[in-house]
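Participant: One structure is given below, represented as structure tokens, and several questions about it will come after.
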Amino acid sequence: MSADPTALYSRKNPFPAQLKTNRSLTGPGAAKDTRHFEIDLADSGLVYEVGDSLGVFPTNNPVLVEEILGVLGFSGEEEVTDPNGNTITIREALTRSYVITEKDKKLLAAIAQKDPTAAHFIPMTTPEGRAELEAYVAGREVIDPLLAHPAAKFTPEEFVKCLRKLQPRLYSIASSQKANPSEVHLTVAAVRYETHGRKREGVCSTFLSDRSDNVPVPVFVHTAKHFRVPEDPSTHAIMVGPGTGIAPFMAFLQERKATGATGKNWLFFGDQKSATDFLYREELEAWQQEGVLHKLSTAFSRDQAEKVYVQHRMLEEAEELFAWLEQGGYFYICGDASRMAKDVDTALHQVVEKAGGKSPEEAAAYVEELKKSKRYRKDVY
Ligand SMILES: Cc1cc2nc3c(=O)[nH]c(=O)nc-3n(C[C@H](O)[C@H](O)[C@H](O)COP(=O)(O)OP(=O)(O)OC[C@H]3O[C@@H](n4cnc5c(N)ncnc54)[C@H](O)[C@@H]3O)c2cc1C
Ligand SMILES: NC(=O)c1ccc[n+]([C@@H]2O[C@H](COP(=O)([O-])OP(=O)(O)OC[C@H]3O[C@@H](n4cnc5c(N)ncnc54)[C@H](OP(=O)(O)O)[C@@H]3O)[C@@H](O)[C@H]2O)c1
């Protein structure tokens, strides 16, 4: 019996993929840098379904690694133990194995032990000092307390023991294997910001954006059984995906086109400005022309003085949205969990109240029934 190729690569044994395409989705002058990536899966045997995410193992920025080595007085060639117990150089360990963009109380406690001028870290490492610790760590990375306390001297092994293991990040898959058999696509917003006078960047989003050309990108498929296209191809899909939340819906639309699904598709998309942040505009307009995307409702929050968000568009279109639900349509949300998904959920209740002529309690029961029957599906982060 031959081995199952899909079982070959996993989180424990990621596939060393090559990046084929790294294209900007945002225009000149945009406040954000959101990109479209195409990753080659040829010969990997990796199989994914639309709705799944791709796990990516990043490496840290070498400039930051060298800065940390310099502050600590290491050449980089010193040997240390990695989180799996292997012996590697400290340069390699800080590049691939450990988190250097956040710090926790273990490092602060060690610095306080080695440098009396860092004694103010000690209360932060106690349960009572939690609020103080949180205030200190916000916007700071491993380099900050090291620069502030150069008298704290570590052995290479002591230092890495104060760090946590670098973890992979998940990205919603933005392609269907029915349309792109040997590729996986992603939509990623590069995280860049400035705090305490230093430029900072998210590890994985900038690894993909800036440091992944001609190097292996270790990936694995993260299954999301709860976030699939409707099982019945004649079912309508209402998809709410502002910002990078659009990613899985690019996959849904590719899939529904490839399978000839007859159910209608309605996308609510929002971002900052129509001129610079209308992600996948050409693809979406082409799908509208072809009759794959039946409705596209956009909300550009910064095109006018007042914020306009996807939930405002939902309320404007309450009658039709409710009609699609009454016809058995599925309702999907992807993107920001902290505010957007909650506000869209509130708007869904309001749509049911307004267009369905229901009381708040009846609307809540209606939405609850959507959830129970798995017609209300979320993938938020
Ligand atoms: C299921 C799932 C699907 C996802 N899909 C996508 C997707 O399709 N596209 C996408 O782009 N992302 C997606 N994400 C998010 C993604 O996994 C990463 O979290 C994101 O790319 C940031 O990772 P990073 O390594 O670049 O940043 P990290 O190194 O993890 O840094 C992020 C951290 O930086 C800090 N930070 C960020 N901005 C600021 C600021 N302005 N001020 C102070 N601190 C700040 C915060 O502490 C934040 O947690 C998804 C997440 C999940 C769980
Ligand atoms: N949980 C998280 O940490 C998290 C989640 C998602 C994104 N992000 C980060 O945010 C950056 C950009 O993310 P993104 O491109 O996906 O887009 P986004 O920041 O989520 O923004 C997309 C659109 O949603 C709007 N928006 C803001 N609040 C909203 C709300 N309550 N309801 C509905 N819409 C709302 C934004 O408007 P305005 O900005 O004009 O208000 C913008 O027009 C990235 O750096 C990403 O990593 C972080």
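Participant: Over region 33-189, how many pairs of lysines fall under 22 Å by alpha carbon, counting only those 8 or more apart in sequence or from different chains?
Facilitator: Lysine pairs satisfying the spacing and distance rule in region 33-189 number 16.
Participant: Could you give each residue of region 331-345 its phi-based ³J(HN,Hα) in whole Hz, using Karplus coefficients 6.51, -1.76, 1.60 with θ = phi - 60°, and x for Gly or Pro?
Facilitator: Values, residue by residue: 10, 10, 10, 9, x, 4, 7, 5, 10, 4, 4, 5, 5, 5, 4 Hz.
Participant: Run down the aspartates and glutamates and flag those whose C-alpha is under 13 Å from the C-alpha of K20, throwing out any fewer than 8 positions away in its chain.
Facilitator: Cα-Cα hits under 13 Å: E38, D40, E183, D213.
Participant: Can I ask one more? In the chain, once you exclude exposed GluC sites (Glu not before Pro) (DSSP loop, at most 10 other Cβ within 10 angstrom), what's the longest stretch remaining?
Facilitator: With a cap of 10 other Cβ atoms within 10 Å, the longest stretch comes to 1-230.
Participant: For Y98, which sequence-distant residues (separation of 5 or more, or a different chain) have an amide H within less than 5 Å of its own amide H, given hydrogens modelled in the peptide plane?
Facilitator: Here L166 satisfy the definition.
Participant: Any idea what the relative contact order of the chain is, in percent, if you count C-alpha pairs under 8 Å spaced at least 6 apart?
Facilitator: That works out to 19 percent.
Participant: Between beta-carbons, use under 12 Å as the cut-off and find the net charge around E201, counting Lys and Arg +1, Asp and Glu -1.
Facilitator: Net of charged neighbours comes to +1.
Participant: Can you return the lysines within cross-link range of K32? Criterion is Cα-Cα under 18 Å, with same-chain partners fewer than 8 residues away left out.
Facilitator: K32 reaches K199, K273, K307.
Participant: A follow-up question, please. Taking the 0 to 90 degree range and rounding to the nearest ten, how far is the long axis of helix 247-258 tilted relative to the main principal axis of the chain, both from C-alpha atoms?
Facilitator: 40
Participant: For T81, what is the net charge nearby, where nearby means another residue's Cβ is under 11 Å from its Cβ and Lys, Arg count +1, Asp, Glu -1?
Facilitator: Overall, the nearby charge balance is -2.
Participant: Something else: Could you list C204, C334 in order of exposure, starting from the residue whose Cβ has the fewest other Cβ atoms within 10 Å?
Facilitator: C204, C334
Participant: Taking the chain as a Gaussian network, Cα atoms linked when under 10 Å apart, which of K32, K264, K12 shows the biggest mean-square fluctuation?
Facilitator: Of K32, K264, K12, the most mobile in the Gaussian network model is K12.
Participant: Here's another thing I want to ask about it. Take every DSSP beta bridge whose two residues both sit in the chain, then give the antiparallel share in percent to the nearest 5.
Facilitator: 65
The numbers here are math on the coordinates, done by the rules we state, and not lab data. If you're wondering where the values come from, they're calculated on a predicted model, not measured in any experiment. Note that each Cβ is placed from the backbone with ideal geometry, even for glycine, and that neighbours are counted across all protein chains shown.
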